[in-house]
Amino acid sequence: MNQALLNKIESEQYRKEPLEFAVGDTVRVHTKVTEGGRERIQVFAGVVIGRRRHGLNETFTVRRISYGEGVERVFPVHSNRIEKVDVERRGSVRRAKLTYLRKRVGKGAVAVKDKEVRGPAAAPAARPAAGASQPQPEAPAPAATATPAPAADSASAAAAAPATAPAEKPAA
């Protein structure tokens with residue numbers, strides 16, 4: 001078959017809104033399950049340990065520990081049986097596949113380092129406490145009409161400047 005024709009047919013089957021998660025994230029996958037004539041939503045929560053393939057055949061694997069046993073489930077990304085994928089926690093990993101989690105037991109089997117948020121939003125010291133008022137900047141003083149002082153060399157200016165002691169850290 002012609003590749004352009006295949007791409008046209010597959011493009012109709014893609015998910016309208018892409019799933020936003022990565023390997024290492026802890027997710028909750030909401031899937032539609034049909035039992036008899038009724039349909040319900042079943043949730044499978046765990047760590048994403050890998051993504052495979054691309055296009056319409058793309059899948060991802062979610063692993064969790066259930067009653068002391070490791071359980072893995074493979075989900076197609078573009079399946080209409082997947083209602084939604086909620087990201088509970090972002091993970092920071094340096095591998096595309098986390099198969100090494102299969103060998104671990106206990107807390108180490110689900111331990112993936114949290115992703116650190118970098119940038120201006122991550123600096124809590126820069127933000128004032130809730131309910132605290134912002135100090136207003138003072139207006140600049142009017143310029144005096146005096147003759148400028150002669151410029152001194154940098155070595156004597158550094159010696160004349162008072163040395164400040166480093167701030168003491170509070171005892172922990």
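The values are calculated or read from the model by the stated rules, or taken from the named source; none is laboratory data. What you see is a predicted model, and the numbers here were worked out from it, not measured in a lab. Using ideal geometry, Cβ is built from the backbone for each residue, glycine included, and neighbour counts are taken over all protein chains shown.
For Ala22, are the conditions met, namely being assigned to a strand (DSSP E or B) and either touching a residue at least 40 places away in the same chain (Cβ under 8 Å) or not polar (S, T, N, Q) (or both)?
no
A quick yes/no check of all residues on (1) at pLDDT below 95; (2) farther than 23 Å from Glu20 by Cβ; (3) surrounded by 10 or more Cβ atoms within 10 Å (Cβ to Cβ):
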site	(1), (2), (3)
Arg52	no, no, yes
Gly55	yes, no, yes
Val62	no, no, yes
Arg104	yes, yes, yes
Lys107	yes, yes, no
Glu116	yes, no, no
Ala130	yes, yes, no
Gln134	yes, yes, no
Pro140	yes, yes, no
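Which of the residues belonging to the range 63-104 are free of Cβ contacts under 8 Å to residues at least 60 places away in the same chain, at negative phi and hydroxyl-bearing (Ser, Thr, Tyr)?
Ser66, Ser79, Thr99, Tyr100
Here is a check on your reading of the model: is Gly24 touching a Gly at 6+ places or on another chain (Cβ under 7 Å) and on the phi > 0 side of the Ramachandran plot?
Yes.
Residues checked against (1) loosely packed, with under 14 Cβ neighbours inside 10 Å; (2) among the small types (Gly, Ala, Ser); (3) under 20 Å from the mean Cα position of the chain (by Cα):
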residue	(1), (2), (3)
Val48	no, no, yes
Thr59	no, no, no
Tyr67	yes, no, no
Val74	yes, no, no
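Would you pick out the residues in the range 37-46 that are surrounded by 13 or more Cβ atoms within 10 Å (Cβ to Cβ) and among the charged types (D, E, K, R)?
None; the set is empty.
When you scan the range 9-21, do you find a residue that is over 31 Å from the mean Cα position of the chain (by Cα) and of a type in the set (A, V, I, L, M, F, W, C), even just one?
Yes, there is a match, as at least one residue in the range 9-21 is over 31 Å from the mean Cα position of the chain (by Cα) and of a type in the set (A, V, I, L, M, F, W, C).
Filter the range 65-89 down to the residues that are under 16 Å from Arg51 (Cα atoms) and in a strand (DSSP E or B) and list them by number.
The answer is Glu72, Arg73, Val74, Phe75, Pro76, Ile82, Val85, Val87.
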